[in-house]
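The values are calculated or read from the model by the stated rules, or taken from the named source; none is laboratory data. This is a predicted model, so every value here is computed, not measured. In this analysis, Cβ positions are derived from the backbone assuming ideal geometry, glycine residues included, and neighbour counts consider all displayed protein chains. Side chains are part of the model used for accessible areas, which takes the heavy atoms of the whole protein and leaves out ligands, DNA and RNA. Shrake-Rupley method; radii C 1.70, N 1.55, O 1.52, S 1.80 Å.
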Protein chains: 2
Amino acid sequence: VKVPEEVVEVLLKKDRFVVLSHINPEGDALGSSIALAVALKQLGKDVEVFNKDGIPSIYRFLPEARIVKKFNELTCESDSVVIIVDCNNPERVGIKEDINCNLSLVIDHHETEDDFGDVRWIEPSSPATGVMIYHLLMSLNVRITEAIATNLYTAISIDTGSFRYSNTTAETLLIGADLIRQGANPAYIAERLFESWSKNRFMLLIETLNTLEIKRIQNKDASLTVAITTITTDMFKRTETDSSDTENFSNFPRMIEDVQISAMFRETEKNKWKASLRSKGDVNVARIASVFGGGGHRNAAGFFVEGNIEEIKKSFVEEISDILVKDGWRDKHL
Amino acid sequence: VKVPEEVVEVLLKKDRFVVLSHINPEGDALGSSIALAVALKQLGKDVEVFNKDGIPSIYRFLPEARIVKKFNELTCESDSVVIIVDCNNPERVGIKEDINCNLSLVIDHHETEDDFGDVRWIEPSSPATGVMIYHLLMSLNVRITEAIATNLYTAISIDTGSFRYSNTTAETLLIGADLIRQGANPAYIAERLFESWSKNRFMLLIETLNTLEIKRIQNKDASLTVAITTITTDMFKRTETDSSDTENFSNFPRMIEDVQISAMFRETEKNKWKASLRSKGDVNVARIASVFGGGGHRNAAGFFVEGNIEEIKKSFVEEISDILVKDGWRDKHL
């Protein structure tokens, strides 16, 4: 990762910054925002950090988490530099494209959806925005404090599944090692991120796993195994949970060796469903989602659909079967 | 970690080796055995690798896994050096203490239970035996091949929960980074280790989670939350699984924030039970296990018990309550 000089210059020369990230923020958005803000303060800058949804309770353990303020409508001073991290689309931040500011800067590792930003630094090959921020702070000669280290380690842990996803490289672990040396505590962070479920959320997981159906789809020289789970609004009511509690649920059936696609159907209101698709390896679920008017990436996609859930699941399986028959397995696993 | 010169000398000077590890072997035992054997072969040595239970199917992906042979009774040539890795007790290896050999060498990161071994290298502070083998191969100037890297990365991943447990240090990640550079593929290894469950095993997990009971134990200034799950022989029969499928099950209820102790009771035969205890942080389950004649470490312990399961669970909860009343919470969390 090479940090563009233009980005370093903006941060060194300007004095006033507003750091923003996407709605429904997770560890990379929040850890990157906070680490960058703490670093800019160390350089004597005036910094504010906002998120449309504020900071979810599971991330309140992050050092300096309190600097993240919630907003309804954001207005900036005309001498402020607006920095968007872990996102490159003002709509996903909840701001207007023509927001009043001195300059806008985008720092993100997602594919570009948009051309927003006077200065843009986009690295789709970076495993996390936190990795980019780490390199940026090195270029700025910022001292990595324990607070910065913990925020960046969290960002990297979330986006690599604690070094389990295919975006994990030797460099990711080297940066992790350096952050531990600067004060990040890997076991404490893992416990906060992966072992701090509410009891209700765990009960919802058990109810969800009880709905598991496994479908083997086969044509003459291809086959594919799909795991399907269903969450109804009744289940949310019974366990006193909501949709935010289902994050990561569709990864559980992926633990089964044969399962190449895990599909979770969640009822948003009566007979309206949100499908979340997760796949392993080179199975492309974005292609299936697109059949139903949705989208996403190869290994994580989704769509909205209305109707009777039994019929929806039936047509979902049929569509996958159709794609398999058309293209076969050897083609490119969908 | 400092590699004792005596260990390096034995490996360089002797010509014939038998590498052994404990029964019911996991990733650290197997990855360490295979990596060491491949390295010794690179040095032109004659090496055999044995395990009493052979290599479980989930570890057959390990490069060179086929060199691990199963044995019933092991006899060695009198010019052989016997190396025990990831264990320091001949009984747990399934061999006699007075096994015929030229010399015995123990390489382990567990607390010593025994004084077996002419040459003993024990490092309880090392997160995995794989870390010790890594340092040993460096001292031996062995080239870390892709096969060695994959075996050692697996050893370290298993024993640190892919860098999540409290034994994870900056050095652990540095070694991980080096192993990736030498050919270990972190995503592939994680998929083999954590996403390759049989369908039957997953069904047993769901049935087990359905038995979950959460007990809050309280005295006037202390409280503790315990999660209890139960697996009967009927459940094994229904799902066509056995006890080897329950590895790691007791970690699931630990995902709940409040839960400090997860206890899993598994029926071994009618009215006979094996309890596995897992705890978070400084809660000491070895102390509870000792009340029932069992033992273990602070965060992982177990015991055997006979009787009616409802009564067993009741007395288990009462014992924890007694300890709490006696010592209070502030004392040392049991």
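For the range A:251-261, the criterion of a residue being in contact (Cβ under 8 Å) with a residue 60 or more places away in the chain and not small (Gly, Ala, Ser) is satisfied by at least one position.
When you check A:Thr211 against the structure, is it outside any helix (DSSP H, G or I) and open to solvent by 20 Å² or more (accessible area, probe 1.4 Å), yes or no? Yes, satisfied.
Taken over the range B:294-311, the residue count meeting the criterion of being open to solvent by 70 Å² or more (accessible area, probe 1.4 Å) and either more than 19 Å from B:Arg254 (Cβ to Cβ) or of a type in the set (Phe, Trp, Tyr) (or both) is 5. Within the range B:188-220, being of a type in the set (Asp, Glu) and more than 9 Å from chain A (Cβ to nearest Cβ) holds for B:Glu207, B:Glu213.
Of the strands (runs of 3 or more DSSP E) lying entirely inside the range A:223-334, the ones with 2 or more residues being polar (S, T, N, Q) are found at A:261-269, A:272-279. When the range A:173-187 is limited to residues that are more than 8 Å from every other protein chain (Cβ to nearest Cβ) and not in a loop (DSSP other than H, G, I, E, B), the one that is surrounded by the most Cβ atoms within 10 Å (Cβ to Cβ) turns out to be A:Leu179. For the range B:233-248, filtering for residues that are more than 14 Å from the chain's Cα centre (by Cα) and open to solvent by less than 70 Å² (accessible area, probe 1.4 Å) leaves 7.
Within the range A:249-270, the set of residues being open to solvent by 10 Å² or more (accessible area, probe 1.4 Å) and within 14 Å of chain B (Cβ to nearest Cβ) comprises A:Asn251, A:Phe252, A:Arg254, A:Met255, A:Glu257, A:Asp258, A:Gln260. For the range B:128-149, the set of residues classified as within 14 Å of another protein chain (Cβ to nearest Cβ) and open to solvent by 10 Å² or more (accessible area, probe 1.4 Å) consists of B:Tyr134, B:Ile144, B:Glu146, listed by residue number.
The residue list B:Ile67, B:Ile156, B:Ile84, B:Ile107 contains one member that is surrounded by 17 or more Cβ atoms within 10 Å (Cβ to Cβ), within 14 Å of another protein chain (Cβ to nearest Cβ) and touching a residue at least 24 places away in the same chain (Cβ under 8 Å), which is B:Ile156. Would you say B:Val3 is surrounded by 15 or more Cβ atoms within 10 Å (Cβ to Cβ) and in a loop (DSSP other than H, G, I, E, B)? Yes; evaluated as a whole, the condition is true for this residue.
Criterion first (modelled with pLDDT under 95 and not small (Gly, Ala, Ser)) does A:Ile23 satisfy it? So A:Ile23 fits the description; yes. Exactly one residue out of B:Leu204, B:Leu179 is closer than 15 Å to B:Thr150 by Cβ and of a type in the set (A, V, I, L, M, F, W, C), and it is B:Leu179.
Mind listing whichever residues of the range A:275-297 are in contact with a helix residue (DSSP H, G or I) (Cβ under 8 Å, 6 or more places away or on another chain), away from chain B (no Cβ under 14 Å) and more than 18 Å from A:Lys215 (Cα to Cα)? Correct list: A:Arg287, A:Val291, A:Phe292, A:Gly295, A:Gly296, A:His297.
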